[in-house]
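Note sheet for the following structure.
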Amino acid sequence: MNDSSQSVSEFLQWIQNAKSIVFLGGAGVSTESGIPDFRGESGQFVHNGGRSPEEILSHTYFQTHPKQFYQYYREHLLHPDAKPNSAHLALSKLEQQSKLAAIITQNIDGLHQAAGSKNVLELHGSVFKNHCMRCGKSFDGMPSLRQEVPHCSCGGMIKPNVVLYEEALDEQVLRKSIHFLQTADLLIVGGTSLKVYPAAGLLRYFCGEHLVIINQTPTPFDQWADLCFSQPIGELLKECC
Ligand code: CNA
């Protein structure tokens, strides 16, 4: 790990010199907003006894146990009171300064947009978008709490536009992400265990100058990074942006 002040100055210098920064992030970006991650020290995989979130958040489970799916979804994935933290705000500032070209996120919480970021590529979708599985009608916002399983007026079940386990990622979002990674000169990867594919595999498209990883626990990609930081991402980005 490179948490020394010398490494921080080097990172700062790279940000200042960069022309096209891309940020690739995950659940750890939002823990400082009070949203638990999956695999971090106090993540849901560690604390959820019984069924794994991977099973509950699968397409098969959604189809066969919609009531239980929605109960878990409301309890664990909807955080209507969460606010952007220093990491979201710092990245938004970098975009306003025309330094940051894109945020590629595995998060579904909409906090980058709430912080003002415009070019946000949501690899796993968003809790703010839903559609009817029968007629295809779109519904914006979080699902109503009145119905255990939300239904459309046509009688069809409503599904969040969140990519569940067993489902494919949106082709267009993937293509755009690859384009931004291929044209970036600095890639900042943060708050992700880099254990979920295909998101983690996107790193191989980056061929720019510097790769920086900010994650509280080690990742399988640390050996290829020019700098690795383990301090909370909000604290570090606030210092550097
Ligand atoms: P993950 O596998 O839970 O990894 C998160 C990583 O972040 C862990 O390695 C932690 O050590 C690290 N971390 C936690 N807090 C911080 C912090 N403050 N600073 C630096 N590092 C920190 O999550 P991934 O995103 O890698 O996995 C992808 C899953 C998680 C996607 O399918 C997401 O949809 C899903 N998820 C999203 C949210 C959200 O939208 N906020 C919340 C929980 C899970």
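The values are calculated or read from the model by the stated rules, or taken from the named source; none is laboratory data. Note that this is a predicted model, so its numbers are computed, not measured. Cβ sites come from the backbone with ideal geometry, for glycine too, and all protein chains shown count toward neighbours.
Tell me whether the range 131-154 contains one or more residues that are modelled with pLDDT of 95 or more, basic (Lys, Arg) and within 26 Å of Ala199 (Cα to Cα). Within the range 131-154 (the criterion being modelled with pLDDT of 95 or more, basic (Lys, Arg) and within 26 Å of Ala199 (Cα to Cα)), the answer is no, since none of the residues qualifies.
Taking the numbered list (1) within 23 Å of Ile108 (Cα to Cα); (2) surrounded by fewer than 21 Cβ atoms within 10 Å (Cβ to Cβ); (3) more than 17 Å from the chain's Cα centre (by Cα) in turn, Gln182 passes all entries but (1). Quick check: anything in the range 15-34 more than 26 Å from His112 (Cα to Cα), in contact with a Phe, Trp or Tyr (Cβ under 7 Å, 6 or more places away or on another chain) and modelled with pLDDT of 95 or more? No - not one qualifying residue is present in the range 15-34. Ala168 meets each of the listed conditions (1) over 18 Å from the mean Cα position of the chain (by Cα); (2) free of Cβ contacts under 8 Å to residues at least 40 places away in the same chain apart from (1). On the basis of being aliphatic (A, V, I, L, M) and either more than 30 Å from Asp140 (Cβ to Cβ) or over 19 Å from the mean Cα position of the chain (by Cα) (or both), does Val162 make the cut? Considered against the rule, which asks whether it is aliphatic (A, V, I, L, M) and either more than 30 Å from Asp140 (Cβ to Cβ) or over 19 Å from the mean Cα position of the chain (by Cα) (or both), Val162 comes out as no.
Yes or no: Lys118 within 16 Å of the ligand (Cβ to nearest atom), under 16 Å from the mean Cα position of the chain (by Cα) and surrounded by fewer than 20 Cβ atoms within 10 Å (Cβ to Cβ)? Here the answer is no, as Lys118 does not meet what is asked.
Identification of strands (runs of 3 or more DSSP E) wholly contained in the range 146-241 with 1 or more residues that are under 27 Å from Phe128 (Cα atoms) and away from the ligand (no atom under 16 Å from the Cβ) yields 158-162.
Remark: pairs (first residue in the range 191-211, more than 12 Å from Val22 (Cβ to Cβ); second residue among the basic types (Lys, Arg) and within 12 Å of the ligand (Cβ to nearest atom); Cβ separation under 6 Å; 6+ apart in sequence or on different chains) = Ser193/Arg39. Within the range 93-109, the set of residues being under 19 Å from His124 (Cα atoms) and away from the ligand (no atom under 16 Å from the Cβ) comprises Ala102 only. Screening the candidates Val173, Val212 for the property of being touching a Leu at 6+ places or on another chain (Cβ under 7 Å), at pLDDT 95 or above, crowded, with 22+ Cβ neighbours inside 10 Å and not small (Gly, Ala, Ser) yields one hit, Val212.
Within the option set Glu166, Glu171, Glu95, being on the phi > 0 side of the Ramachandran plot and of a type in the set (Asp, Glu) holds for one residue only, Glu166. On inspection, Leu187 qualifies as under 30 Å from Phe11 (Cβ atoms) and surrounded by 13 or more Cβ atoms within 10 Å (Cβ to Cβ).
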